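Quick note: the coordinates plus some simple rules give every number you see, no bench work behind them. All values reported here derive from a predicted model rather than from experimental measurement. Here Cβ is always computed from backbone atoms with ideal geometry, including for glycine, and neighbour counts include all displayed protein chains.
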C-alpha cells in the first residue's frame, strides 16, 4: 500500500502515511493487503456475480499477492462438548483472518453476526466482511479469544490446511 489515508482527529483531518501501522490493530499488514486485493477484484469484476465467483477470484488474487488462502473452510459448532453443526467460511487467509463475502445491497447486522459466530466458533480472532454489492463495502471485526465464552477453544480445527510442508 502506498499514499496517505485520512484519519479523523478531534477537530480536523490529518494525513497519515498508510504504511504507518496504527497501534493495536491486530494483523494490520495482512488485512491491509486483503482490502487492497478486495478493491482490485471489485474494480476488475464489478458487481452482479455470485459470491462463489468472488470467492474464487479473491483466492486467486490473494495468492498472487503472496498470501496463503483457502476456500470453504469448515467451521464446526460445538455445544456441551458435542459437535452440533457445521458451517463453511468463504475464505481463510494466512490462518489468521476469516473472510465472509456478500453480494448484498448493503451490509447488515445479520451479516456481521454471521462472521462473529464464525470467529466465536474458532480460534481465529479477526474477520473481514467484504461486500461486492453495487458499492464495495468492508467491515473489520475482532473477537479476542479471551472474550470468547467457549470453555475450550479448539486448537486449529483445520489441521495442516494451510502452510503445510513436507519433509522429503
Inset, instruction - Quick one: plug the Kirkwood hydrodynamic radius of region 89-152 (C-alpha pairs) into Stokes-Einstein at 25 °C, 0.890 mPa s, and report D in µm²/s. - result: 205
Legend entry - Semi-axes of the equivalent ellipsoid for region 26-147, Cα gyration tensor, largest first, Å: 23, 16, 13
Legend entry - Cubic angstrom per residue, convex hull over Cα atoms of region 21-93: 120
Inset, instruction - Evaluate E = 1/(1 + (r/R0)^6) for residue 116 and residue 39, where r is the Cβ-Cβ distance and R0 equals 25 Å; express this FRET efficiency to the nearest 0.05. - result: 0.60
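Provide the packing ranking of 71-82, 113-124, i.e. peptides ordered by the mean count of other C-beta atoms within 10 Å per residue, highest first. Can you show the working numbers first?
Values: 71-82: 12.6, 113-124: 19.0.
The peptides rank, most packed first, as 113-124, 71-82.
Based on the mean of other beta carbon atoms within 10 Å per residue, what is the order of 90-98, 139-147, 57-65, most packed first?
Descending mean neighbour count gives 90-98, 57-65, 139-147.
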Inset, instruction - Please give, to one decimal in nm, the separation of the simple spin-label points placed at residue 78 and residue 106, each 7 Å out from Cα toward the Cβ. - result: 3.8
